[in-house]
Structure formats: C-alpha cells, structure tokens
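*Asks:* Sharing a structure with you now.
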Amino acid sequence: MRNRAFESISKICRGLVVVLAVLLPSTQVAQAAPASHFKVLYTFSGGTDGGYPTANLLLDTAGNLFGTTSYGGDLSCPLGGGQGCGTVFKLNKADNETVLHSFTGGTDGAIPDFAGVVQDAAGNLYGTTVVGGDLSGCSGYGCGVVFKRSKAGKETTLYTFTGGTDGANPEAPLVMDTAGNLYGTTANGGDLSCDRGSGCGVVFKVSKAGTYKVLYTFTGGTDGATPYGPGALVLDTAGNLYGTAENGGDLSCGSGQGCGVVFKLNKAGHEKVLYSFTGGNDGGYPVAGLARDTAGNLYGMTYGNGTYNYGVVFKLNKAGNETVLHTFTGGADGGRAYGNLLLDAKGNLYGTTADGGSGWGVVFKLNKAGTETVLHDFTGGADGGQPVAGLVQDTAGKLYGTNTIGGNPSDCGGSGCGVVFRLTP
C-alpha cells in the first residue's frame with residue numbers, strides 16, 4: 001500500500017492519471033454499437049478554466065452540470081507546480097462554463113481529485129480536496145478538507161484533516177443523507193500503525209454544521225485498506241453504507257497487501273466484509289464505487305486481475321456471492337475501470353474504462369444478459385481520452401461524463417487538458 005494522494009498528484013502533473021499497459025490481443029469481441037451521437041460540450045485549456053477533470057459530474061434538475069478539475073484555476077497555487085490547484089465549475093445548458101471556485105492551496109484546500117461535488121436542496125455544493133488545508137500536516141502538502149460552496153458563492157471549509165486518527169487525503173465523492181449529513185472516506189490516516197505510518201484510511205461523517213466523526217478505521221487486515229479513487233459510498237434507506245477498499249481482505253493476494261474488499265457499515269459503525277477479492281478470475285483492486293438495485297444486489301468493477309488482468313464487472317448478491325458479469329480483455333471491449341457504475345431503471349449498467357478500445361478507453365453498456373456494447377471508443381484527440389470518472393444520465397437517457405486528457409492537443413504539454421462530453425445512445 002502506498003500514499004495514494006501524492007501518487008495521484010505526481011501522475012496528474014505528468015499529464016496522466018492512468019499509466020496505459022500494452023494491450024493484449026482481444027479474445028472477446030464487444031457487440032457492435034448502434035448509432036450513438038457523441039458531442040464534446042466543453043474543452044478545458046488548463047488555465048483559469050481548469051484542467052484534468054477526474055471526477056463524476058453532478059446534473060441538476062435544470063440541466064446544469066457541476067464538477068471539479070484536479071488542476072488549472074489559480075496557477076499561482078503553491079501545491080500545483082504551476083498548473084493550478086483545481087476548480088469547481090458549472091456548465092449551463094448552452095455549454096458555457098463558469099468557474100465557481102479556484103482553490104488556492106491554503107485553508108480552502110487544493111486538488112479535488114476524484115471527489116466532484118454533491119448538492120443539497122438549497123443549491124449548496126459540497127466536496128473534498130485531497131491536499132491543502134492545514135499545511136503543517138502531510139509533509140507540508142496539507143491533508144485535505146471538506147468544503148461547502150453556498151448558492152450565493154461563499155466558500156467555507158467544514159472540516160480540515162490532520163492526518164492523524166481523523167484520516168487524511170479524502171479522494172472519493174461524498175454522499176448525503178436526507179438530513180444533510182455527509183459521508184465519505186479517506187485514503188490515508190486513521191490507524192497510523194498501518195501502511196508504514198501512513199494509515200489505511202477511514203469512513204467519516206460530517207454534519208451540516210461541520211461536526212466530524214470517524215465511523216470506521218481500516219486496519220489493513222481482512223477488513224480492508226485504502227479506500228482510494230472514485231469509489232463513492234452507497235447509502236441505503238436504513239442508513240447502512242456500502243463501499244470498496246482497494247487493498248486488504250485476502251492477504252494471500254497482492255504480495256500480502258490484499259486485493260481489496262466490498263464492505264458494509266451499519267449505523268452503529270460495525271463493518272462487515274461482504275466479499276474479499278482473490279486476484280483470480282473474480283478480479284482485484286476495486287476502486288470504482290458501487291451501484292445498488294432495489295433487491296439489495298451490488299454492482300461494481302475492479303481495475304485489475306480477472307482472466308486478462310484488465311479487471312471485471314461484478315454483481316454481489318445479498319448473500320455475498322459474486323458473479324462476474326463481464327471480464328475486460330484490454331481490447332475493443334475496454335479495460336481498467338476506475339469510475340462508478342451507473343444502473344438504470346431497466347437494469348442496464350453503464351460505465352467507462354480508462355484503457356482498451358483504440359487505447360484511450362471506452363464508454364460501455366452492459367445489459368441484464370451480460371452482453372457488452374461499446375457506445376464510444378475514445379481517440380485521445382478532440383473527443384478526449386482516459387475517462388476515470390463515471391457517468392450521469394438525464395431523464396431522456398443521455399449520458400454525460402468527463403475525460404482526463406485530450407481536447408486541444410496544444411494544451412497541457414501536448415496531451416490536452418480534458419473535456420466534458422455528452423453521449424446519446
């Protein structure tokens with residue numbers, strides 16, 4: 001296990017979030033896609049408008065999109081290496097972008113990474129940053145914050161992480177209950193006897209007033225470790241939380257670090273491991289979040305292992321039995337999934353992979369019978385590439401997402417700074 005926060009920073013500074021592997025010959029052919037309409041809604045420049053969007057979008061009832069970029073914004077931010085420390089942005093229905101906040105790297109935080117934003121009924125936005133806050137912690141980078149941006153435009157820090165037992169480096173999106181409480185995870189901190197003093201992360205709760213509570217501390221054993229990446233928690237109506245941790249679980253897997261778990265946390269803070277990945281055909285290293293159907297079945301993805309070592313899409317029933325719905329080959333069907341799955345009312349799953357296709361990732365659909373259809377194969381050019389965030393869907397069935405790189409090839413060192421796109425299946 002490694003300090004994921006600083007790894008993410010260094011990777012994005014190099015213009016990459018995902019290191020592409022050599023594609024294996026595909027032995028599994030994805031179904032040919034029906035006609036789909038793809039449109040780039042916005043291309044980031046890496047300047048004050050932001051760059052490298054790696055988080056899920058939020059779609060409001062008026063059709064506006066809200067999101068974050070990992071870099072860009074205030075280019076004088078000391079934690080961004082001259083590339084800025086990220087933004088919160090809005091894209092209206094006319095595809096005009098407004099930067100709602102540029103992080104400075106001080107008490108307001110820096111680099112929102114995979115977190116994105118959630119919104120309450122009053123229109124306030126909430127999110128996290130992976131570093132910034134109190135710069136005396138986490139080797140001078142700060143350990144991250146939970147922030148609120150009011151509808152009137154005021155930015156407030158609800159909680160500043162210290163890197164101790166309270167956790168450090170929150171990367172995953174927040175989830176909100178009906179009372180307005182926020183729930184999330186940190187990649188580090190917690191039990192500092194774990195992971196050579198970095199800690200293996202926590203599950204936390206923050207009230208609307210900023211009252212902070214650790215709900216669970218990972219030990220790095222069979223209970224899991226390092227809830228890293230875009231893996232948002234899922235909250236059911238009884239107040240139970242469901243999530244994934246990249247490591248821990250079966251410690252005979254992954255050189256003794258474990259290949260990850262799916263867990264449940266009840267309202268009393270008791271954790272139950274629902275499934276431990278073995279690193280075989282069942283997959284390994286889940287960083288994507290889960291989707292939950294009305295029957296209580298969970299759906300998710302791993303970015304590693306599986307037959308071809310490009311990850312799997314899986315289903316976990318209420319008894320904890322795993323079914324592999326699709327095994328990625330790294331070829332035409334995609335590979336290495338990081339973003340959250342989207343489950344529609346008909347039981348179809350939609351997602352993205354950062355690898356496969358033409359080498360820049362795909363958008364895919366998986367129907368209830370387990371047949372995969374590639375809806376878009378990214379080129380890494382104007383349409384973008386390497387999506388590490390999941391998708392959102394409007395009432396008409398249109399899908400919206402972000403690409404980490406691509407867009408204008410003259411920006412961000414020739415890789416492009418990313419795009420927001422819409423896909424109409």
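*Asks:* Consider only pairs whose beta carbons are under 9 Å apart and that are at least six residues apart or on different chains; among these, list those whose first residue lies in region 388-399 and is polar (S, T, N, Q) and whose second residue is surrounded by 14 or more Cβ atoms within 10 Å (Cβ to Cβ).
*Replies:* As it stands, the answer is 393/59; 393/342; 393/350; 393/399; 393/400, since those pairs meet every condition given.
*Asks:* In addition: So in region 207-235, with the set limited to residues that are hydrophobic (A, V, I, L, M, F, W, C) and at pLDDT below 95, which one is surrounded by the most Cβ atoms within 10 Å (Cβ to Cβ)? Before the answer, list the steps.
*Replies:* From region 207-235, those hydrophobic (A, V, I, L, M, F, W, C) are 209, 214-215, 218, 225, 232-235; that's our starting set.
From what's left, at pLDDT below 95: 209, 232.
On the way: 209: 8, 232: 28.
Among residues in region 207-235 that are hydrophobic (A, V, I, L, M, F, W, C) and at pLDDT below 95, the one surrounded by the most Cβ atoms within 10 Å (Cβ to Cβ) is 232.
*Asks:* Checking residue 86 against (1) on the phi < 0 side of the Ramachandran plot; (2) surrounded by 23 or more Cβ atoms within 10 Å (Cβ to Cβ); (3) under 16 Å from the mean Cα position of the chain (by Cα); (4) modelled with pLDDT of 95 or more, only one condition comes out false. Which one?
*Replies:* The single condition residue 86 does not satisfy is (1).
*Asks:* Now for a different question. Would you call residue 382 surrounded by fewer than 16 Cβ atoms within 10 Å (Cβ to Cβ) and either assigned to a strand (DSSP E or B) or modelled with pLDDT of 95 or more (or both)? I'd like the intermediate steps shown before the answer.
*Replies:* Details: surrounded by fewer than 16 Cβ atoms within 10 Å (Cβ to Cβ): yes; either assigned to a strand (DSSP E or B) or modelled with pLDDT of 95 or more (or both): yes.
Spelling it out, residue 382 is indeed surrounded by fewer than 16 Cβ atoms within 10 Å (Cβ to Cβ) and either assigned to a strand (DSSP E or B) or modelled with pLDDT of 95 or more (or both).
*Asks:* Let me ask something additional. Which residue is nearest to residue 352 (Cα to Cα), if the candidates are limited to region 293-332 and must be part of a strand (DSSP E or B) and of a type in the set (D, E, K, R)? Working first, answer last.
*Replies:* Filtering region 293-332 down to residues part of a strand (DSSP E or B) leaves 298-301, 304, 312-316, 322-327.
Now narrow it down to the ones that are of a type in the set (D, E, K, R): 315, 322.
Details: 315: 17, 322: 21 Å.
Result: 315.
*Asks:* Does residue 289 meet the test of being surrounded by 16 or more Cβ atoms within 10 Å (Cβ to Cβ), out of contact with any strand residue (DSSP E or B) (no Cβ under 6 Å at 6 or more places or on another chain) and under 18 Å from residue 348 (Cβ atoms)? Lay out the reasoning, then the answer.
*Replies:* Working: surrounded by 16 or more Cβ atoms within 10 Å (Cβ to Cβ): yes; out of contact with any strand residue (DSSP E or B) (no Cβ under 6 Å at 6 or more places or on another chain): yes; under 18 Å from residue 348 (Cβ atoms): yes.
It is true that residue 289 is surrounded by 16 or more Cβ atoms within 10 Å (Cβ to Cβ), out of contact with any strand residue (DSSP E or B) (no Cβ under 6 Å at 6 or more places or on another chain) and under 18 Å from residue 348 (Cβ atoms).
*Asks:* Go through region 39-63 residue by residue and tally those that are surrounded by fewer than 16 Cβ atoms within 10 Å (Cβ to Cβ) and either in contact with a Ser or Thr (Cβ under 7 Å, 6 or more places away or on another chain) or touching a residue at least 24 places away in the same chain (Cβ under 8 Å) (or both).
*Replies:* Within region 39-63, the subset surrounded by fewer than 16 Cβ atoms within 10 Å (Cβ to Cβ) is 39, 47-48, 60-63.
Subsequent filtering for residues that are either in contact with a Ser or Thr (Cβ under 7 Å, 6 or more places away or on another chain) or touching a residue at least 24 places away in the same chain (Cβ under 8 Å) (or both) retains 39, 47-48, 60, 62-63.
Selection size over region 39-63: 6.
*Asks:* Right, here's the next one. Looking at region 204-230, which of its residues are in a strand (DSSP E or B) and among the polar types (S, T, N, Q)?
*Replies:* First pass over region 204-230, keeping only residues in a strand (DSSP E or B): 204-206, 212-217, 225.
Correct list: 217 only.
*Asks:* Another question, if that's okay. Could you list all residues from region 141-173 that are part of a loop (DSSP other than H, G, I, E, B) and surrounded by fewer than 22 Cβ atoms within 10 Å (Cβ to Cβ)? Outline the logic, then answer.
*Replies:* Taking region 141-173 as the starting set, the residues that turn out to be part of a loop (DSSP other than H, G, I, E, B) are 141-144, 150-154, 161-167, 169-173.
Hits for region 141-173 are 150, 151, 152, 153, 154, 162, 164, 165, 166.
*Asks:* Go through region 347-361 residue by residue and tally those that are more than 16 Å from residue 398 (Cα to Cα) and among the aliphatic types (A, V, I, L, M).
*Replies:* Of the residues in that region, 1 qualify.
*Asks:* Of the residues 113, 134, 120, only one is touching a strand residue (DSSP E or B) at 6+ places or on another chain (Cβ under 6 Å) and either modelled with pLDDT under 95 or surrounded by fewer than 23 Cβ atoms within 10 Å (Cβ to Cβ) (or both); which? Give the derivation first.
*Replies:* Values: 113 fails: touching a strand residue (DSSP E or B) at 6+ places or on another chain (Cβ under 6 Å); 120 fails: touching a strand residue (DSSP E or B) at 6+ places or on another chain (Cβ under 6 Å).
Criteria check complete, one pass: 134.
*Asks:* Hey, could you check region 225-249 for residues that are out of contact with any Ser or Thr (no Cβ under 8 Å at 6 or more places or on another chain) and among the polar types (S, T, N, Q) and say which is nearest to residue 129 (Cα to Cα)?
*Replies:* Of all residues in region 225-249, those out of contact with any Ser or Thr (no Cβ under 8 Å at 6 or more places or on another chain) come to 226, 228-229, 232, 234-242, 244.
Next cut, among the polar types (S, T, N, Q) only: 226, 237, 240, 244.
Values: 226: 16, 237: 27, 240: 25, 244: 20 Å.
Among those that are out of contact with any Ser or Thr (no Cβ under 8 Å at 6 or more places or on another chain) and among the polar types (S, T, N, Q), it is 226.
*Asks:* Considering only residues that are in contact (Cβ under 8 Å) with a residue 12 or more places away in the chain, at negative phi and among the small types (Gly, Ala, Ser), look in region 336-379 and name the one that is surrounded by the most Cβ atoms within 10 Å (Cβ to Cβ). Don't jump to the end; show me each part of the working.
*Replies:* Applying the first criterion (in contact (Cβ under 8 Å) with a residue 12 or more places away in the chain) to region 336-379 yields 336-344, 346-368, 370-379.
When the remaining residues are screened for being at negative phi, the result is 337-344, 346, 348-355, 358, 360, 362-368, 371-379.
Next, from what is left, pick out any that are among the small types (Gly, Ala, Ser): 337, 339, 351, 354, 358.
Working: 337: 35, 339: 30, 351: 29, 354: 28, 358: 13.
The selected residue is 337.
*Asks:* Scan region 63-86 for residues that are in contact with a Pro (Cβ under 8 Å, 6 or more places away or on another chain) and in a strand (DSSP E or B) and jot them down. Reasoning before the result, please.
*Replies:* Here is the first cut: in region 63-86, the residues in contact with a Pro (Cβ under 8 Å, 6 or more places away or on another chain) are 67-70, 86.
Passing the criteria: 67, 68, 69.
*Asks:* While we're looking at this one, here's another question. Please indicate, with yes or no, whether at least one residue in region 312-323 is of a type in the set (Gly, Ala, Ser) and either surrounded by fewer than 24 Cβ atoms within 10 Å (Cβ to Cβ) or in contact (Cβ under 8 Å) with a residue 60 or more places away in the chain (or both). Even if it seems obvious, please write down each step before you answer.
*Replies:* Kept after step one, since they are of a type in the set (Gly, Ala, Ser), are these residues of region 312-323: 319-320.
In the following step, the residues that additionally are either surrounded by fewer than 24 Cβ atoms within 10 Å (Cβ to Cβ) or in contact (Cβ under 8 Å) with a residue 60 or more places away in the chain (or both) were identified as 319-320.
Yes, region 312-323 contains at least one residue that is of a type in the set (Gly, Ala, Ser) and either surrounded by fewer than 24 Cβ atoms within 10 Å (Cβ to Cβ) or in contact (Cβ under 8 Å) with a residue 60 or more places away in the chain (or both).
*Asks:* Restricting to region 99-140, and then to whatever is in contact with a Pro (Cβ under 9 Å, 6 or more places away or on another chain) and outside any loop (DSSP other than H, G, I, E, B), can you tell me which residue is farthest from residue 86 (Cα to Cα)?
*Replies:* Going through the qualifying residues, I end up with 118.
The values are calculated or read from the model by the stated rules, or taken from the named source; none is laboratory data. Quick caveat, the model's predicted, so the values are computed rather than measured. All Cβ positions, even for glycine, are placed from backbone atoms using ideal geometry, and neighbour counts span all protein chains on display.
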